[in-house]
Amino acid sequence: MRSKSWVYFLLLGIITFSLFIFLRIYFENEDKSFRGLFQKIIETQAMEISRAYFQWDDMYNAVSKQDYESIEKLEKQMKKDYPFIVDVSFEKSYPPDEFYSIHSEGKLLVVEYKIMDSFGEKYLPNYKAKLLIDVSTILRDFQIENRRITTEIGNFVRDLAYGLKYERLLSVTEIPIVMSFILLLLIAITILYEMYVRRELDVEATLNKALNSVIQLSQDMLKGSIKPSYQLILEKAIEIIPGAQAGSVLVKEGDRYKFSACVGYNFEELKRVWFLPEELAQSMDPKVKIITHIQGFDSEKLKDERFQILDNYGRIKEIKAMLSVPIIVNNEIAAFLNIDNFEKVNAFNDFSVRIAELFATQIGVVFERLKLEEELLKQKNMLEFLSTRDALTQLPNRRALEIEAERMMNLTKREGKNICVVYVDLQKFKTVNDSFGHRVGDYLLKVVSERLQKVVRKSDFVARIGGDEFVFLLYDCKEYLQFVERTLNEVEKDIVWESHVFRVSANFGIAIYPQDGTDFGDLLIKADMAMYYAKNTGKSYHLASQLSIDNIE
């Protein structure tokens, strides 16, 4: 048997190497996902700012006329709308070729913008806007707390994007992952050591089974395939712990512990039984215990029908010894794994206790990992949600609009339906906003957004794409003119703010897929042009299909 000692050390090396590789891959994938998400966030914010402020007649006219008062007012509003903007300046220089360009200066991002009119037909060839952006503020807004922008050089410093570098910090949610790997390694070392020193006791087969079970559980955890099944855990424990013949699991629910799984007993009856902490034979000691004389203890503590159920269906008269194994999750006893023997009082020894301790530790890691993955999933879903929502009105933003438009257009190709793209611009909003301030203006936008949501069907979609402009996507809409009339009536209802009553209106531009185009970007431009035509001619709405006729007339 001594000649096989090298096998144990080889196994330890393989496990250690495998855990290290998995940990490295995990963090590399996390960093890759973060860089992709970061670029998506920055590009989205940059384009949103461009559309909101630098594709706008007000900014175009203010800069071209050197109207410093208007420029200062727009700068203040821009910093209010986007708190991560540190500084706004305008330079007499060639603008970027595209809408904007991005690079870094130290820890800040520099975004340079082309200044255009609202139609995108003209731009200022000798001026560009320059924004300094605090990336740390953006990371905090998106709840990304384990990345720090830095200019230093070190082992944990990585390239981010646009010339920025970041240092990856270990977050609170990642500590259990690292600890679980260390713990798994320690478990593997301990089990291998036991196999090595106890081989003369002829327990090699038992230890091999325990090691294989632990490794299998570890692999399942790392793959994310582990399900929170106490029955499976119990069956594995009975399989690998020497002396085990039956067992049960008590899980904490509120202030009580209830049966959640069993082997060798009538579970349908036992699940009616519960224990308060002071009624447990094993007490609340976090250590593994060997307990005998179970019947006597239960009869003293339980004076109601629960003892009768245990006596009839829990086989407490037959149990000679019970190995009680606490499962600790986040420093709290979440469950007890009870392993029973019906033959001998001394059925469990120190070796059984050691295997049970290793098993319990592993199970605790499994459940901590499950909780961690649940938290990470919630965080990911929150980031995805925030990246597709308008911060003020909580309506979908331009990114969400483009995603939904692509989905609808794919659906219409299969079903042969149409899509109405309705571009909406509010009338009189700017007057209210300038006269009463952005607080009132923001309130009006929220009220109007709620009203726009009321008029759409479940198959329709509405988004705010900037300022006082909104876009509807109406699936298979044949009565779009009635929709416009209904929406206009809803928008024009009085809006009460303290002692003031406001009334805004709207202009609508309508483009229809596929009659007016098959590319969503083109449809949006045509709907925008139709809206401006309606606005300039005093009409409430205009069709994109009639633009050429009207222009000729």
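Compactness of region 38-136 was expressed as the Cα radius of gyration divided by 2.2 N^0.38 Å, which yields 0.99.
Region 116-172 and region 263-333 have Cα centres spaced 58 Å apart. Spread over its residues, the convex hull of the C-alpha atoms of region 244-305 is 104 Å³ per residue.
Summing charges over all other residues whose Cβ lies under 15 Å from the Cβ of C477, with Lys and Arg as +1 and Asp and Glu as -1, gives -2.
Per-residue Karplus couplings for region 91-103, computed as 6.51 cos²θ - 1.76 cosθ + 1.60 with θ equal to phi - 60°, are listed in order as 10, 8, 6, 5, x, x, 5, 8, 4, 7, 9, 10, 8 Hz, Gly and Pro entered as x. Taking a ≥ b ≥ c as the square roots of the eigenvalues of the Cα gyration tensor, region 257-356 is classed as oblate, since a/c reaches at least 1.5 and a/b does not exceed b/c.
Can you give the local net charge around Y113? Use residues other than it whose beta-carbon is closer than 9 angstrom to its beta-carbon, Lys and Arg +1, Asp and Glu -1.
+2
Carbon-plus-sulfur accessible fraction, region 25-132 (probe radius 1.4 Å, protein heavy atoms only): 47%. On a per residue basis, the convex hull of the C-alpha atoms belonging to region 401-451 measures out at 96 Å³.
Rolled with a 1.4 Å probe across the full set of protein chains, the surface gives D58 an accessible area near 50 Å².
Straight-line reach from K107: which lysines have a Cα under 26 Å away, not including same-chain ones fewer than 8 places off? Candidates past the 8-residue exclusion: K32, K40, K76, K79, K80, K92, K128, K130, K165, K380.
Across F436, F156, F142, the residue with the most accessible area heads the list, and the full order at a 1.4 Å probe is F156, F436, F142.
Residues V501, V288, V325, ordered by accessible area of protein heavy atoms at a 1.4 angstrom probe radius and largest first, appear as V501, V288, V325. Structural size metrics of region 423-553, computed from C-alpha coordinates, are Rg and Dmax of 15.1, 48 Å. For K526, the lysines whose Cα comes closer than 22 Å to its Cα, not counting residues fewer than 8 places off in the same chain, are K122, K413, K417, K478, K535, K539. Taking 29 Å as the straight-line reach from the Cα of K301, the lysines in range (excluding those fewer than 8 positions away in the same chain) are K252, K258, K271, K287, K289, K317, K320, K344.
Heavy-atom accessible surface of E479, to the nearest 10 Å², is about 120 Å², with a 1.4 Å probe and all protein chains retained. Count Lys and Arg as plus one, Asp and Glu as minus one, and take only other residues whose Cβ is under 14 Å from that of K320; the net charge is then 0.
Put simply, the amide H of S104, placed in the peptide plane, has neighbours under 5 Å in V110, leaving out anything fewer than 5 places away on its chain. Here the Karplus curve 6.51 cos²θ - 1.76 cosθ + 1.60, taken at θ = phi - 60°, turns the phi angles of region 501-506 into couplings of 10, 10, 9, 10, 10, 7 Hz, with x standing for Gly and Pro.
The values are calculated or read from the model by the stated rules, or taken from the named source; none is laboratory data. The shown structure was predicted, so the numbers you read here are calculated from the model rather than taken from an experiment. Backbone-built Cβ (ideal geometry, glycine too); neighbour counts: all protein chains shown. With ligands, DNA and RNA removed, areas are computed over all heavy atoms of the protein, side chains included. Shrake-Rupley method; radii C 1.70, N 1.55, O 1.52, S 1.80 Å.
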